[in-house]
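Colleague: Here it is: the structure, laid out below.
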Amino acid sequence: MIRYLIALCLGTSAWADGLPLAEPVFPPLDMAEVELGHLLFYDPVLSGSRTVSCATCHHPRFATSDGVSLGIGDGGVGLGPDRVFDAKNRPEQRIPRNSPALFNLGATEFTSFFHDGRLEVDETRPSGIRTPLGTEMEHGFASVLSAQTMFPVLSGDEMAGHYSENDVAQAVRQGFLTGPGGAWDILSNRVEALPEYRDRFDQVIGERPIAFTDISNMIAAFIAFEWRADDSPFDRHLRGKDVLSTDELRGMTLFYGEAGCASCHSGWFQTDHGFHAIAMPQIGPGKAARFERHNRDVGRMRVTGRSEDAFAFRTPSLRNVTQTAPYGHSGAYATLDALIRHHLDPVQSLQSYTPDHAVLPAEPFETDFVLLTQGREVDDIARANALPVRQLTDDQIADLLAFLGALSDETALKGRLGVPDAVPSGLTVEK
Ligand code: HEC
Ligand code: HEC
């Protein structure tokens, strides 16, 4: 039926490889869980110092991201580009990767998370999940999206904080994560101690003690509900309900045809969920372990250990993409125009990259653009590039931009429940 509708609306010639046929599947949600997750998502109580919530880096004001290339977690004050250092608790570094938007993550096809897919569904394991944190931390999560929550709360730079500055940071530093007195336990106890949360959890899990996995399951339900985004003009067009403007249609035809975008950005959500090296400029601290001294981010290779995965990053879904700037795994490009031009000649674009493309507010860090001054590092990124040079006219680029604009879903951008006025901890909610 869908195939027939598409053929009817477009003529089949527009639809080469990457034809989006399969409707996404969104499993049903329990509203009591969603509403509980809503409060937890915006509540700084889940961060060691009680200052950072999930929304600090995933805020609807910035289309569920934070409006900067690389954000600041623990040790920052304020939101988005206005976030500055806390004078008493200066952050050690920026977060090494761009904060991704959270649209449609409740759809079943999203099975790998993070720019490098280091958390993914793995049917060969008893838990069904593979994470770099080890098997003891894989159980009790309702989904792989739920398992994702454990990362930010245990990350010193993001939410836990550093050294002995608070109880969670201390536990993380000593390696106490899941057991009694560990980081998860401390956070669950904080939630347990707030009567409004306890009452709400009674409705969902009964009277047993709240586990960290319960908290993350609620947050996952909330994300899946709040930011489901499959009602854009493009979706309506695919479902035969609406017709796109002529420039949007031309852009769509280009995207799924001649411009070759859909060889990676395929399917209903413009992603093959695969990993590709496209010579994105590397800015910021990079992903070195604490004892290493480099500012590299080798992407998927960090997960698989295979050299052919060097500098490959996950193909992002492009839903609401006109609102989610900056772009790329390190947020190297602040505008869609520059990002698309990068795709047309990746190596040349990498080599001529200038810092004014990025959005790195607060004070400068020494690591901000350091890798791009190291010729050998830049050569390595260039050598791995798998995206061929392609010629497009300015008019064609304008049409592609028009098409990307037709991927916006206003309901999801606004959020269905929105930012709560207050959270049970009484801590500040950034509006
Ligand atoms: C300090 C900023 C920061 C905070 C706070 C934060 N995140 Fe994130 N989030 C990020 C960054 C950066 C990434 C990508 C990291 C990577 O790829 O290595 C990410 C990735 C994710 C993803 C994966 C998205 C995808 O498409 O792969 C989800 C889901 C997510 N965060 C949810 C949360 C939740 C839930 C919380 C609160 C418990 C939270 N985040 C707190 C910055 C943050
Ligand atoms: C070879 C695979 C491939 C092709 C072909 C491709 N892209 Fe991409 N695209 C990617 C990858 C991988 C990224 C993310 C790179 C990173 O994070 O370092 C990306 C990033 C993007 C982004 C940024 C999204 C965000 O949220 O950061 C946009 C927009 C985009 N591509 C549009 C396009 C358009 C338009 C075309 C066609 C002209 C295209 N891409 C062709 C692989 C591809």
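Colleague: If you count, for each residue, the other Cβ atoms within 10 Å and average over each peptide, how do 382-392, 359-369, 104-114, 69-79 line up from highest to lowest?
Modeller: By packing density, highest mean first, the sequence is 69-79, 104-114, 359-369, 382-392.
Colleague: Find how many whole Å separate the alpha carbon centroid of region 289-344 from the alpha carbon centroid of region 197-234.
Modeller: Answer, in whole Å: 29.
Colleague: Right, another one. Sticking to Cα atoms, compute the Rg of region 153-291 to one decimal and its Dmax as the biggest Cα-Cα distance, whole number, in Å.
Modeller: Every Cα atom of region 153-291 included, Rg and Dmax give 22.8, 61 Å.
Colleague: What nm value, rounded to one decimal, do you get for the distance between ASP122 and ARG390 when each label is placed 7 Å out toward the C-beta?
Modeller: Going from the ASP122 label point to the ARG390 one covers 3.3 nm.
Colleague: Given the peptides 38-44, 176-182, arrange them by the average over their residues of other C-beta atoms within 10 Å, most packed first.
Modeller: My ranking of the peptides, most packed first, is 38-44, 176-182.
Colleague: To the nearest 10 degrees, how steeply does helix 31-41 sit against the main Cα axis of the chain, on a 0 to 90 scale?
Modeller: Computed tilt is about 80 degrees.
Colleague: With all pairs of different alpha carbon atoms counted, what Kirkwood hydrodynamic radius in Å does region 300-431 show?
Modeller: That comes to 17.8 Å for region 300-431.
Colleague: Additional query: As I understand it, the value is the acute angle between the Cα axis of helix 195-205 and the longest principal axis of the Cα atoms of the chain; what does it come to in degrees, rounded to 10?
Modeller: Helix 195-205 sits roughly 60 degrees off the main axis of the chain.
Colleague: Same structure again: Under a point spin-label approximation (7 Å from Cα along Cα-to-Cβ), what is the SER263-ASP231 distance to one decimal in nm?
Modeller: About 3.7 nm separates the two model spin labels.
Colleague: Would you mind checking the tilt of helix 183-192 against the longest principal axis of the Cα atoms of the chain, expressed as 0 to 90 degrees and rounded to 10?
Modeller: 80 degrees
Colleague: Still on this model: Sorted by packing (mean other beta-carbon atoms within 10 Å per residue), highest first, where do 324-337, 158-171, 85-98 land? Write out the running numbers ahead of the final one.
Modeller: Values: 324-337: 22.2, 158-171: 20.5, 85-98: 17.5.
In descending order of packing, they fall as 324-337, 158-171, 85-98.
Colleague: Moving on to the next point. To the nearest 0.05, what FRET efficiency results for GLU192 and ARG239 with a Förster distance of 45 Å applied to their C-beta separation? It would help to have the intermediate numbers written out before the result.
Modeller: Numbers: r = 44 Å, r/R0 = 0.99.
Efficiency, rounded to the nearest 0.05: 0.50.
Colleague: Put a dot 7 Å past each Cα toward the Cβ at GLU92 and HIS294; how far apart are the dots in nm?
Modeller: About 2.0 nm separates the two model spin labels.
Colleague: If you average 1/r over every pair of different alpha-carbon atoms in the chain and take one over that average, what Kirkwood value in Å do you get?
Modeller: Over the chain, the inverse of the mean reciprocal pair distance is 22.5 Å.
Colleague: Shifting gears a bit: For region 295-372, list log₁₀ I(q)/I(0) at each q in 0.21, 0.27 Å⁻¹, using the Debye formula over Cα point scatterers of equal strength and ignoring solvent, two decimals each.
Modeller: After summing over all Cα pairs, the log10 values are -1.16, -1.38.
Only the coordinates and a few stated rules stand behind these numbers; no lab work does. All figures in this text were calculated on a predicted structure; none of them were measured in a lab. Methodologically, a virtual Cβ is constructed for each residue, glycine included, from the backbone with ideal geometry; neighbour enumeration extends over all protein chains shown.
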